[in-house]
């Protein structure tokens with residue numbers, strides 16, 4: 001019996017942080033900045049994709065290192081605070097100095113956002129118990145998408161009237177306001193510091209290799225991470241380019257694209273709450289498999305909507321994709337907690353973030369290859385995502401979700 005009972009204030013503050021960081025993830029990274037680069041500055045899909053890929057390449061090296069240092073420090077909040085403030089500052093400065101400085105700031109924001117997510121996800125066991133972990137994860141995802149709803153609603157009000165610059169500064173302020181309770185009120189589960197000298201930054205690559213070797217000692221962990229790479233590649237790529245696809249291939253206006261995002265958010269909120277409860281009953285494995293089928297259905301509808309010139313079908317892309325996103329991010333971080341040893345949560349969530357970011361590195365590069373190098377177009381690019389979702393389902397077929405006990409190494 002787990003004696004740790006988190007307070008409601010601690011759990012609520014953790015959930016609220018999901019609202020905060022989703023403001024950046026969906027509104028800045030997924031909706032407005034890519035469109036500003038392409039439509040307002042004359043940049044290409046590839047330029048935005050390369051900036052995202054560079055940020056993720058840096059994260060691939062840093063994420064396990066940051067996670068391990070938080071394991072050894074015995075507390076994760078200081079890292080959460082520093083990375084969040086870096087993202088807030090970078091977001092607030094977007095558009096001030098033009099295209100390329102803004103791309104550099106976007107890279108800084110993506111790095112801060114992702115490294116913050118490493119320690120944030122690793123704090124899930126601190127704010128939940130084994131019996132309600134799926135529910136708490138689902139609450140975080142659901143409330144997080146409510147934050148995106150607020151952010152997109154803010155864009156609907158501000159964009160036409162004030163432009164992108166003031167909008168980005170408002171979104172940065174929203175991120176900060178909703179993150180502050182996590183800085184103050186999250187209570188971390190008591191745990192001993194790991195022995196030995198913490199890894200230095202210069203040792204990050206060697207540490208990444210050691211983390212992978214350690215992960216392979218536990219049944220299913222490495223295979224789960226490979227599967228996560230495949231579905232995260234497809235999901236993150238869809239997430240980054242859906243606004244451009246809706247405008248250029250399905251004929252949506254800027255306002256319709258915002259409404260499409262809002263419909264996806266509503267669907268994601270509902271999906272995350274439903275799946276959050278289901279995870280505690282049926283386990284994260286079945287829930288994640290269902291999410292992969294939903295993603296595949298969303299891609300098929302997007303292709304049909306573009307090729308048939310029936311833009312109205314595009315609204316179903318938002319509904320299906322939103323439900324799939326809510327189900328995916330609710331179930332997969334619980335899945336990771338189930339199969340990871342508690343004494344290595346920070347390190348293994350660093351690997352979890354690393355494969356997700358490597359997927360976000362590869363996805364935009366594949367999209368750029370298909371659209372700009374091979375000249376096959378955006379419809380072919382989005383159709384290629386079906387291969388990744390299908391491969392992920394095959395890889396994950398061999399991974400159970402049986403919990404790993406403390407000290408099982």
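Just so it is clear, none of the values below were taken in a lab; they were calculated from the coordinates. These numbers were taken from a predicted model, which means no experiment stands behind them. Methodologically, a virtual Cβ is constructed for each residue, glycine included, from the backbone with ideal geometry; neighbour enumeration extends over all protein chains shown.
Side notes on the structure shown:
- Which labelled figure in (1) 122; (2) 139; (3) 325 is volume of the Cα convex hull per residue in Å³, once derived from the coordinates: (1)
- Our summary gives the chain a relative contact order of 29 percent, counting only alpha carbon pairs under 8 angstrom and 6 or more residues apart.
- Among 382, 96, 247, residue whose mean-square fluctuation peaks in a GNM of the chain (springs only between Cα atoms under 10 Å): 96
- For the pair residue 226 and residue 248, label points projected 7 Å from Cα toward Cβ lie 3.4 nm apart.
- C-alpha center-to-center spacing [the stretch 86-109, the stretch 220-249] in angstrom: 24
- Most mobile of 162, 106, 17 in a GNM of the chain (Cα contacts under 10 Å): 162
- For the peptides 139-145, 97-103, residues were scored by their other Cβ atoms within 10 Å and the scores averaged per peptide; the highest-first order is 139-145, 97-103.
- Here the calculated FRET efficiency for residue 61 and residue 4, from their Cβ-Cβ distance with R0 = 30 Å, stands at 0.40, rounded to the nearest 0.05.
- For the stretch 1-56 versus the stretch 302-347, the inter-centroid distance based on Cα atoms is 14 Å.
- Over the chain: helical MRE at 222 nm, DSSP H runs n ≥ 4 each giving -39500 (n - 2.57), nearest 500: -25000 deg cm²/dmol
- Efficiency of FRET from Cβ geometry, residue 313 and residue 185, R₀ 35 Å, rounded to 0.05: 0.20
- For the stretch 80-134: Kirkwood Rh in Å [reciprocal of mean 1/r, alpha carbons]: 12.4
- For the chain, the longest principal axis of the C-alpha atoms and the axis of helix 385-396 are separated by about 20°.
- Residue-span extension gain [residue 40 to residue 75] - 0.36 nm each, minus C-alpha spacing: 8.3 nm
- Label-point separation in nm, residue 85 to residue 177, each point 7 Å along Cα→Cβ: 2.1
- For the stretch 15-158: rounded, prolate or oblate by the Cα gyration tensor [a/c cutoff 1.5]: oblate
- In the stretch 287-409, Cα pairs under 8 Å separated by at least six residues give a relative contact order of 35 percent.
- Cα-based helix-to-principal-axis angle, 221-248 vs the chain, degrees rounded to 10: 20
- Helix axis angle, 204-215 relative to the chain longest principal axis, alpha carbon, degrees: 70
- Note on the chain: GNM, Cα springs under 10 Å; of 71, 258, 309, the largest mean-square fluctuation is that of 309.
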